[in-house]
């Protein structure tokens with residue numbers, strides 16, 4: 001009877017383990033994630049794209065570099081019905097720049113906090129449910145609503161910071177709060 005009992009326990013344990021692994025195989029789990037800021041100045045050197053409060057540096061700047069938050073990630077337990085949602089807060093500082101690439105009054109600036117978000121579907125996970133992808137936000141509105149510069153000056157984006165960056169896995173329409181910490185990201189275009 002003891003051998004029969006052991007055999008039943010082994011079979012039951014194996015069935016339980018198999019059942020649990022099958023049940024969790026379709027639940028997405030974020031393994032890693034990292035964020036970067038991409039923009040229209042990426043191909044330019046930092047010296048050519050940066051302005052200082054005392055004037056131009058390196059021959060110019062880009063008034064609206066269109067910064068985007070991109071999060072690259074790897075997840076397991078993914079199927080084609082799963083998706084991923086990115087959210088963050090973009091804190092953008094805008095200034096006025098005159099035709100001589102000077103910032104006439106450093107007080108003539110505004111910082112605006114805007115929520116940003118984006119989503120991505122899990123297209124083509126491998127046979128083991130592993131998926132690597134990326135999610136990128138849309139550009140911020142430019143110029144910002146409610147901020148304008150005096151005649152002869154133009155609005156320019158001075159800096160951007162993304163905080164509260166959160167990537168969520170969505171399993172067949174149900175949000176799974178499975179996040180990987182992503183540190184705040186900042187980029188300065190005009191030194192104040």
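Answer yes or no as to whether residue 103 is touching a strand residue (DSSP E or B) at 6+ places or on another chain (Cβ under 8 Å), surrounded by 13 or more Cβ atoms within 10 Å (Cβ to Cβ) and assigned to a strand (DSSP E or B). Spelling it out, it is not the case that residue 103 is touching a strand residue (DSSP E or B) at 6+ places or on another chain (Cβ under 8 Å), surrounded by 13 or more Cβ atoms within 10 Å (Cβ to Cβ) and assigned to a strand (DSSP E or B).
Screening segment 116-130 for residues that are more than 17 Å from the chain's Cα centre (by Cα) and surrounded by 13 or more Cβ atoms within 10 Å (Cβ to Cβ) and picking the one that is modelled with the highest pLDDT gives 130.
Results for (1) in contact with a strand residue (DSSP E or B) (Cβ under 9 Å, 6 or more places away or on another chain); (2) more than 27 Å from residue 32 (Cα to Cα); (3) modelled with pLDDT of 80 or more; (4) assigned to a loop (DSSP other than H, G, I, E, B), shown as yes or no for each residue.
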| site | (1), (2), (3), (4) |
| --- | --- |
| 70 | yes, no, yes, no |
| 78 | yes, no, yes, yes |
| 93 | yes, yes, yes, no |
| 111 | yes, yes, yes, no |
| 114 | yes, no, yes, no |
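Filtering segment 31-53 to residues that are buried (at least 17 other Cβ atoms within 10 Å of the Cβ) and at pLDDT below 85 leaves 41, 49, 50, 51. Number of residues in segment 133-192 that are over 18 Å from the mean Cα position of the chain (by Cα), at pLDDT 85 or above and in a strand (DSSP E or B): the value is 8.
The values are calculated or read from the model by the stated rules, or taken from the named source; none is laboratory data. Note that the structure is a prediction, hence the values are computed from the model and not measured. In this analysis, Cβ positions are derived from the backbone assuming ideal geometry, glycine residues included, and neighbour counts consider all displayed protein chains.
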